[in-house]
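Structure first, commentary second.
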């Protein structure tokens, strides 16, 4: 949601810690909240890579006798309507959530960057044409655009990624264009041109890297938004079909048992929120550092 | 450039966006590989005879060249005709006008709530001690990160199923409006609070605030009477964003709280592949977005004439 507001980052503010690298320097100054966020993201990455290491049970292992068990010593987060272990399903659901978030962001970023670069560097008529197209795409609310795409192409993971990713294209395109226009007139680009480097080399070696760093940071924050959007669509019933462990889908099913088994929706709700908060917190920290603001 | 010329240019740009949106939907219908005549007859399961298909094609003008169809499509849209729903068999516009009341009710109460919450929170927390600020920005981060359906379900759990204070579903009476409005408003309010506080803090640095303080005004009076008015300007620009989040959120919230409305209409249409309905709602949303942004532009010009001189 925060990506709805356009920001142009004009490099670090002069003199205010601008030379501080983005990486791990100053790690010791981090607040405890950021440490927790970082740890949680590491945990998520492990869970998505090797869920079988962390999950105590098979996420699809149903047993009617074990249905609706409250959280207890054996099933830490309880069991669902088919007696499946909620914790295991949550852990196996990490992969699809993270993949969804990353893939949709990459899709939006790739197309947005391509359009933004062409727009910022190309002839004026092409710039105008692309930007008017971007205006048109921006006029559709994200979720409605996603539903249109699902109507035409059907549901399922790949189409969900497309549906969520496309909503990001116009924003990244505008951002990259603004950054490109900014960098394009910088002294070092002029110098590179004067030195006789080819146009393509200037674009790839000088303009892209310099225009791209702030965009990457905003994309990090954007991952949280795409995970949310993906979860919402899967909650609406357009995700992978039921037995698959997906957080949004788990909440959709758990909704029917709110009165008797509130843990069925509470845990996935907590997982989605913690994931998005952690990713956003890290992204915002990167943003703050790149702008050279004090911690 | 005269004001009138600027305004007409903006209007023209808005019409251009709508034309682009209409063209995009037309291209989507014709190049997505689906057979429109088949869809009108109820999909492949209806097993229509070839004669029937041909008759439908002739009746809906689907046998004509694409350019002619495109012209007809634009002409119909210009007259406010969004086509007929494949499933409900009534004009899309009629279906929308039957449902829009409930959605407007929900989104207006949510917008009001979000703006009020943001105002109160921002005024209370701007330029306060470090602890107040980190507590506020922390909770804003959590609330703006939590999807509205997560907030909605948690509200349902607490207020409907645990304490039985409020009805869990339905669109009858103001009591059933409270939980959905809060669920819809909270994420928007969190984003607005962050921006408003930033803008308030910037304003509080301005010389005229020092002047007001020098005149001996209390902190509350400075914030309410002087800083707030100035800080509100950036908020107006966000009207488009507020509108889009509320409309998108309404789809999920209306399902969650079993309410009537445009969101439900859109959702059912998506599930049933009711293309005219999906496109009708989407085009309507795009139109409202364009109109809202045009209005925002004019209001900004009126509040701050400097913005007209770029």
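The values are calculated or read from the model by the stated rules, or taken from the named source; none is laboratory data. What you are looking at is a predicted structure, and each value in this text was computed from that prediction instead of being measured. When we count neighbours, we look across all protein chains shown, and the Cβ atoms used for this are built from the backbone with ideal geometry, even at glycine.
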Restrict the check to the stretch B:176-185 and report whether at least one residue is in a loop (DSSP other than H, G, I, E, B), surrounded by fewer than 24 Cβ atoms within 10 Å (Cβ to Cβ) and free of Cβ contacts under 8 Å to residues at least 24 places away in the same chain. no
Within the group B:145, B:160, which residue is surrounded by fewer than 20 Cβ atoms within 10 Å (Cβ to Cβ), more than 19 Å from residue B:263 (Cβ to Cβ) and within 14 Å of another protein chain (Cβ to nearest Cβ)? B:160
Could you check how many residues of the stretch B:256-287 are surrounded by fewer than 19 Cβ atoms within 10 Å (Cβ to Cβ), within 9 Å of chain A (Cβ to nearest Cβ) and under 19 Å from the mean Cα position of the chain (by Cα)? 1
Looking at the stretch B:286-310, I want the residues that are farther than 30 Å from residue A:144 by Cβ and have a partner that is surrounded by 13 or more Cβ atoms within 10 Å (Cβ to Cβ) and at pLDDT 85 or above with Cβ atoms under 6 Å, at least 6 apart or on another chain. Which pairs are those? none
Every residue in the stretch A:160-206 that is without any contact (Cβ under 8 Å) to a residue 24 or more places away in the chain and within 26 Å of the chain's Cα centre (by Cα), please. A:204
Would you check if residue B:39 is farther than 21 Å from residue B:290 by Cβ and within 32 Å of the chain's Cα centre (by Cα)? yes
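Quick grid of which residues meet (1) in contact with a strand residue (DSSP E or B) (Cβ under 9 Å, 6 or more places away or on another chain); (2) more than 25 Å from residue B:145 (Cβ to Cβ); (3) part of a helix (DSSP H, G or I); (4) modelled with pLDDT of 85 or more:
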site	(1), (2), (3), (4)
B:187	no, no, yes, yes
B:194	no, no, yes, yes
B:203	no, yes, yes, no
B:222	no, yes, yes, no
B:230	no, yes, yes, no
B:234	no, no, yes, no
Being modelled with pLDDT of 80 or more, more than 14 Å from chain A (Cβ to nearest Cβ) and out of contact with any helix residue (DSSP H, G or I) (no Cβ under 8 Å at 6 or more places or on another chain): is that true of residue B:104 here? yes
Failed condition for residue B:251, given (1) out of contact with any helix residue (DSSP H, G or I) (no Cβ under 7 Å at 6 or more places or on another chain); (2) at the interface with chain A (Cβ under 10 Å from one of its Cβ atoms): (1)
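State yes or no: is residue A:231 closer than 24 Å to residue A:107 by Cβ, away from chain B (no Cβ under 14 Å), in contact (Cβ under 8 Å) with a residue 60 or more places away in the chain and in contact with a helix residue (DSSP H, G or I) (Cβ under 9 Å, 6 or more places away or on another chain)? Spell out the reasoning first.
Details: closer than 24 Å to residue A:107 by Cβ: yes; away from chain B (no Cβ under 14 Å): no; in contact (Cβ under 8 Å) with a residue 60 or more places away in the chain: yes; in contact with a helix residue (DSSP H, G or I) (Cβ under 9 Å, 6 or more places away or on another chain): yes.
Judged against the criteria, residue A:231 is not a match.
Answer with yes or no whether residue A:146 is within 22 Å of residue B:243 (Cα to Cα) and either buried (at least 23 other Cβ atoms within 10 Å of the Cβ) or more than 10 Å from chain B (Cβ to nearest Cβ) (or both).
On the way: within 22 Å of residue B:243 (Cα to Cα): yes; either buried (at least 23 other Cβ atoms within 10 Å of the Cβ) or more than 10 Å from chain B (Cβ to nearest Cβ) (or both): yes.
Answer is yes for this residue.
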In the stretch A:118-129, how many are surrounded by fewer than 21 Cβ atoms within 10 Å (Cβ to Cβ) and assigned to a helix (DSSP H, G or I)? 8
If residue A:206 satisfies every condition in (1) modelled with pLDDT under 85; (2) in contact with a helix residue (DSSP H, G or I) (Cβ under 9 Å, 6 or more places away or on another chain); (3) closer than 27 Å to residue A:135 by Cα but one, which is the exception? (3)
Looking at B:92, B:68, B:132, which one is within 14 Å of another protein chain (Cβ to nearest Cβ) and either surrounded by 16 or more Cβ atoms within 10 Å (Cβ to Cβ) or over 22 Å from residue B:244 (Cβ atoms) (or both)? B:92
